[in-house]
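The structure appears right after this line, and notes come after that.
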Amino acid sequence: MTKKDKVYDEKSIRKLKGLEAVRERPGMYLGDPTSGDALHHLIKEVVDNSVDEHLGGHCKSIEVHLEPDGVVTVTDDGRGIPVGMHEEGVSTLQVVLCDLHAGGKFDADSYEKSAGLHGVGVSAVNAVSEWLVATVYRDGKIWQLRCERGKPIKDTKSIGTTKLHGTTIQWKRDLDIFKGEVEYDRKRVGERLQELAFLNPGLKIVFKDSRKKEFEETYLYLGGIKDYLPEIVTKKKQLIPPLYFTDNKTCEFIFCWTDSPEESIRCYANNTFNQDGGTHLTGFKNGLTKIVSAYAKEHNLLKDLPEDGLTGGDIREGIVAIVNIRISGVAFSNQTKDKLITPKARAVVEDLFTDQVEYYFKERPSLAKSIAEKAVINARAREAARKAREGVQRKEWMDPWSLPGKLADCQSKDPAESELFIVEGDSAGGSAKGGRDRRIQAILPLRGKVLNVEDHGAEDILDNKEIGTLIGALGCGIEQSNAFSIGKLRYHKIILLTDADVDGSHIRTLLLTFFYRCMPQLIYNGYIYIAQPPLYGVHVPGSRVTRYFTTDPDFASYRDSLTQEQRKSLRVTRYKGLGEMNPEALWETTMNPEYRTLRAVKINDAVAAEENFNLLMGNNVENRRKWIEEYGILATDLDI
């Protein structure tokens, strides 16, 4: 029977029981298990339950411990998960851990303002764990339940007495699901825990990591988001001091303006970071636009502005803000809670602007005037950039049907299989053109170092020749032109191929800055990669094979594995530039999809990325000098 002839009948229909659905489709509940996102989401789900206990006034401290062999332990001093007999005929603890859509978040009296909605979190963690042990300290006793791959091994039982109260969840990820070499990242976990401590004044969070060497840090902030904002803007120059407002019940926000051309607004709902914003972000933007626009109009500041007047983007340019709300009946767009969709959140935030911010600005006219005048200047600059852009767009390279002359395009017109190698220099470009797969691989050589877009405006970016060549090759426009369309992108793999030296690293950094500032969606959608050309080519006399090594440690390890006689006969080539490699070698080591190594460019922490680009590529020389003095001693393998 062929695949086409297979019978589709009642036997084809499967009903997944218990936690089988999570194990079958973990990506639906936790994210991609082959990346670090899903792995770190396990910690988030368990810790969020402890934070919910804090929100209810029952938990003062949480401890998170990364242990060897992929084991994680989370302990809190909350009330402890109930352990009594449930109506299902098993302990309540077992129901919480082993059944989807079971938990206290459905009971408004137990958790009024929780981020949990579906009773999925900890049971999903249980489902994808090789084993999970829950220990509950409650009612003077210690209770314990062990599960393996989501299934309870024995009934919940009492193993002793105690005066403590709280819950410990310990688990080991299942390598059948989390395949590959993805590990818990200490920095990433620590930043999330610190973030929770900022959002919950008075909550003590202890973070331990004993996998390699002992590490311990405690996060405790009494000022809440007032302590958090300085952490975000530390590397930027503040133009207008932070302004904090709260209704003392459901909503608080703090914001200031900096010299950065970008806006950065971090939104939280019930302790969950919503990276795609949502209704609370809409409320913040609307409220701010409303009061600043009204002030500017009332004081006749809107002269000589574009036809569309003062826009929200003009007002928010350079703003750094944190919006934090806690409301009942919260709803998100998905299980990972990327976007808040609760309608009333918009009104809650806008009401705070009406009740407090508007009055605050009226009482401080000089401050309000400074904010409005800054927005007006931004509007005029936007209009100047638009006029410059219209002139530049008439140039041939902006015609989507007229590709740059430097581009050696591929034959395929399918973006999903097409690759663009951005190569440093004509010499390396020649080798790449000679070695490529012409069907799917395009080559674009760039001459010299491209413009540092971090400290240049839209007019300079659009008028730069090398940047123009790159924009023309990609075909999707840039954010600064207000004409960016990711659907017009001509290649879904954009690979930076630069020399393995200091100049090559600098050029790569300038290109990454360009993509981050002008086409950030290419990074977020996983289209940007960094090629790994070899540092060494090693030929052993008598052998027809040349071995290649991309790092010094790999080469040293290989050399140490040889006998003294073999080492003496080695012929070693140290590649300073890609132009030194012939087309065959470049194809074999760096361009052949079957054997090459590519590093995907990702943004795990948007705030950290913003800070780093602003610090390292911006125009604040003093802050960069201090950073180099502090961390320069750690630099190794410099090509001097």
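The values are calculated or read from the model by the stated rules, or taken from the named source; none is laboratory data. Computed from a predicted structure; not experimentally measured. Cβ coordinates were reconstructed from backbone atoms using ideal geometry, including for glycine residues, and neighbour counts include every protein chain displayed.
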Inset, instruction - Considering every residue within segment 68-76, establish whether at least one is modelled with pLDDT of 85 or more and more than 27 Å from the chain's Cα centre (by Cα). - result: yes
Inset, instruction - Output the number of residues of segment 228-247 satisfying the condition of being of a type in the set (D, E, K, R) and under 22 Å from the mean Cα position of the chain (by Cα). - result: 3
Legend entry - Condition broken by Lys488, with the remaining ones in (1) surrounded by 14 or more Cβ atoms within 10 Å (Cβ to Cβ); (2) among the basic types (Lys, Arg); (3) within 24 Å of Ala442 (Cβ to Cβ) satisfied: (1)
Inset, instruction - Tell me, please, whether a residue that is under 30 Å from Lys602 (Cβ atoms), assigned to a helix (DSSP H, G or I), within 27 Å of the chain's Cα centre (by Cα) and touching a residue at least 40 places away in the same chain (Cβ under 8 Å) can be found in segment 547-567. - result: no
Inset, instruction - May I ask you to list the residues in segment 444-465 that are at pLDDT 85 or above and either on the phi > 0 side of the Ramachandran plot or surrounded by fewer than 16 Cβ atoms within 10 Å (Cβ to Cβ) (or both)? - result: none
Legend entry - helices (runs of 4 or more DSSP H) wholly inside segment 413-518 that include at least 3 residues being touching a Gly at 6+ places or on another chain (Cβ under 7 Å): 426-435
Legend entry - Matching residues in segment 139-152 - criterion: being under 37 Å from the mean Cα position of the chain (by Cα) and not acidic (Asp, Glu): Gln144, Leu145, Arg146, Cys147, Arg149, Gly150, Lys151, Pro152
Legend entry - For Lys406: the one exception among (1) more than 30 Å from the chain's Cα centre (by Cα); (2) of a type in the set (D, E, K, R); (3) at pLDDT 90 or above; (4) in a loop (DSSP other than H, G, I, E, B): (3)
Inset, instruction - Select, from Leu310, Leu288, the only residue that is of a type in the set (A, V, I, L, M) and farther than 22 Å from Pro343 by Cα. - result: Leu310
Legend entry - Matching residues, segment 430-457, being within 18 Å of Thr590 (Cα to Cα) and of a type in the set (Lys, Arg): Lys433, Arg436, Arg438, Arg439
Legend entry - Pick from segment 548-601, criterion surrounded by 15 or more Cβ atoms within 10 Å (Cβ to Cβ) and among the charged types (D, E, K, R), ranking: nearest to Asp503 (Cα to Cα): Glu580
Inset, instruction - Kindly indicate which of Lys303, Lys290 is surrounded by fewer than 20 Cβ atoms within 10 Å (Cβ to Cβ), without any contact (Cβ under 8 Å) to a residue 12 or more places away in the chain and more than 26 Å from Ile603 (Cα to Cα). - result: Lys303
Inset, instruction - Go through (1) under 28 Å from Leu66 (Cβ atoms); (2) polar (S, T, N, Q); (3) surrounded by 13 or more Cβ atoms within 10 Å (Cβ to Cβ) and name the single condition Thr234 misses. - result: (3)
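One line per residue, one yes/no per condition, for (1) among the acidic types (Asp, Glu); (2) assigned by TED's automatic domain parsing to the domain that holds Tyr244; (3) surrounded by 15 or more Cβ atoms within 10 Å (Cβ to Cβ):
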position: Gly318; (1), (2), (3): no, yes, yes
position: Ala321; (1), (2), (3): no, yes, yes
position: Asn324; (1), (2), (3): no, yes, yes
position: Ser333; (1), (2), (3): no, yes, no
position: Asp338; (1), (2), (3): yes, yes, yes
position: Ile341; (1), (2), (3): no, yes, no
position: Glu350; (1), (2), (3): yes, yes, yes
position: Tyr359; (1), (2), (3): no, yes, no
position: Arg364; (1), (2), (3): no, yes, no
Inset, instruction - Those residues that are without any contact (Cβ under 8 Å) to a residue 60 or more places away in the chain, surrounded by 13 or more Cβ atoms within 10 Å (Cβ to Cβ) and more than 17 Å from Ser61 (Cβ to Cβ), I need them from segment 158-173; list them, please. - result: Ser158
Legend entry - Checking Ala321 against (1) under 16 Å from Cys251 (Cα atoms); (2) of a type in the set (Gly, Ala, Ser); (3) more than 31 Å from the chain's Cα centre (by Cα), the condition it does not meet: (3)
